[in-house]
Amino acid sequence: MNIGLLGFGVVGRGVYEITEGRTDMQVTKVLCLEDIQLPDAEAVKDIKAIVEDPSIHTVVEAMGGLHPAFEFVRAALQAGKHVVTSNKALVCAFYDELLPLVREKGVSFRCTAAVGGGIGWLSELERSRRVQTITQVGGIMNGTCNYILDNMTTQGLSYEEALRQAQALGYAEANPSTDVDGIDTWHKVILSSNIAFGVSLDPKTVPVAGIRNITAQDVEAFKAHRLVCKLISTGKRTEDGYSAYVQPTLVKQGQPEAAVPMNYNLITFLGDTSERMSFFGQGAGRYPTAYNVVQDLVDVLSGKGFYAPYGGKAAADNGETMRYYVRGGWDGEESENWGSGVITEPVSVDAMHSWLKDHPDGFIAAVAC
Ligand code: HSE
């Protein structure tokens, strides 16, 4: 199988290295704006050199970003090529454009590395839904946030110190917003829900709260109550539809999520037959991510299409109520005062996230116990 690789950064280079020497697949062209010399592949600067090349069977998108990645992937699909990508923002933002095109062209479209990096999460959702109804997906899907929260909890660091460490280690970007504001997790839970439930969730109906405003005092208050703060995503089937949201969440010490260290992920689905199934591992990095891209390439060779049927549009309804730890001007009902913040009476997820929009310096964390 001849592969056209779009991008030669962290993931692209990893894919090139892992496929080198394989007999079943080879990267024959690499789209890269810089001048590179590769022993076994031709470096090209124009996407047409790949999408108009009939010898190229599959395109791997490893550029990142929305544009021109979307236009390039669409052109590849229109040309009848199979596509593998690790770009969760792309698949999430253009789900309703890409999936009908994949169906129309009858090609493979795989994105396992988009959620959980090297964890075989989306491919396991695909297997799981063949046998049972998946009722819930979610968990810790962002290694950067987990690294920051873990170091605040175990080392007593401030948010700023922990973020600086995450940046020094290459986990967080210079502008860390996509990770710390929960956007990366939001893409991942929407994509996971779409595949698990066979729908296309309207992203506007999925609220997200990040960890940017957490303080060392908040973490001390949680510790005093034997709680640990994690950024947790949730996608659920409800009686009459779906709910989905991303928010900092307080879990009891001793729960599996509370023990997730460093930059690891712990992602879980609940099924009506299997019950809880959890997946732990490296959610990012060159080789874990490239590993799952190559797994997808093997799945392309075996004729796998997408993970789930393309379902209709659905809105998440987040009327579910829970108690929250809140800091930053809460004037609703409260059940406890923790000094640094208060614990509310049960309030709906939608109402709490609306409150947060009006209080950009505030911090919320759901009380999961
Ligand atoms: N930045 C992400 C993380 C990896 O920290 O988990 C890519 O989705």
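No value in this document is a laboratory result; all are computed from the given coordinates. Being a predicted model, the structure only gives us computed values, none of them experimental. Neighbour counts are summed over all protein chains in view; Cβ atoms, including those assigned to glycine, are modelled from backbone coordinates with ideal geometry.
Across region 271-281, computed HN-Hα scalar couplings (Karplus, 6.51 cos²θ - 1.76 cosθ + 1.60, θ = phi - 60°) run x, 6, 10, 7, 6, 6, 10, 10, 10, 10, x Hz from first to last residue, x flagging Gly and Pro.
Here the contact order of region 158-215, divided by its residue count and restricted to Cα pairs under 8 Å and six or more residues apart, works out to 38 percent.
With each label modelled as a point 7 angstrom along the Cα→C-beta vector, the Leu66-Thr154 pair spans 3.6 nm.
Given Cα positions, please report Rg to Rh for the chain, the hydrodynamic radius being the Kirkwood one.
Details: Rg = 21.2 Å, Rh = 21.3 Å.
Taking Rh as the inverse mean 1/r over Cα pairs, Rg/Rh reads 0.99.
Rounded to the nearest Hz, the phi-derived 3J(HN,Hα) couplings of region 218-232 under the Karplus curve 6.51 cos²θ - 1.76 cosθ + 1.60 (θ = phi - 60°) are 4, 4, 4, 5, 5, 4, 4, 9, 6, 10, 10, 8, 9, 8, 10, where x marks glycine and proline.
Dividing the convex hull volume of the alpha carbon atoms of region 76-121 by its residue count gives 69 Å³ per residue.
Report the calculated FRET efficiency for Arg276 and Gln253 (r = Cβ-Cβ distance, R0 = 25 Å), to the nearest 0.05.
My answer for the efficiency is 0.85.
Within the chain, DSSP assigns beta bridges of which about 65% are antiparallel (rounded to the nearest 5).
The amide H of Val44, built 1.01 Å from its N in the peptide plane, has Val30, Leu31, Cys32 as neighbours under 5 Å, considering only residues 5 or more places off or on other chains. Per the Debye calculation on region 2-110 with a single equal scatterer at every Cα and no solvent contribution, log₁₀ I(q)/I(0) for q = 0.15, 0.24 Å⁻¹ amounts to -0.57, -1.44.
Contact order, relative form, for region 18-137: 16 percent (alpha carbon pairs under 8 Å, 6 or more residues apart, mean separation divided by residue count).
In this calculation the C-beta distance from Asn2 to Arg103 is compared with R0 = 22 Å, giving a FRET efficiency of 0.35. A Cβ-based charge dipole, computed about the Cα centre of region 2-110 with Lys and Arg at +1 and Asp and Glu at -1, lands at about 300 debye.
Extension gain, Asp40 to Arg226: 0.36 nm times the residue separation minus the Cα-Cα distance gives 61.4 nm. Does anything in region 219-256 have its amide N under 17 Å from the 7 Å Cα→Cβ label point of Asn337, and if so which residues? Backbone N within reach: 221.
If packing is taken as the average count of other Cβ atoms within 10 Å, what order do 329-335, 216-222, 189-195 fall into, highest mean first? All intermediate terms of the calculation are to be shown ahead of the outcome.
Numbers: 329-335: 12.3, 216-222: 19.6, 189-195: 27.6.
Highest to lowest by the protection proxy: 189-195, 216-222, 329-335.
Working from Cα pairs under 8 Å separated by at least six residues, relative contact order for the chain is 19 percent.
Computed 3J(HN,Hα) for region 12-26, one whole-Hz value per residue from the Karplus formula 6.51 cos²θ - 1.76 cosθ + 1.60 where θ = phi - 60°, is x, 5, x, 5, 4, 5, 5, 7, 4, x, 6, 9, 8, 7, 8, glycine and proline marked x. Taking amide H as placed 1.01 Å from N in the peptide plane, Thr135 has its amide H under 5 Å from the amide H of Leu270, Gly271, Asp272, each at least 5 places away in sequence or on another chain.
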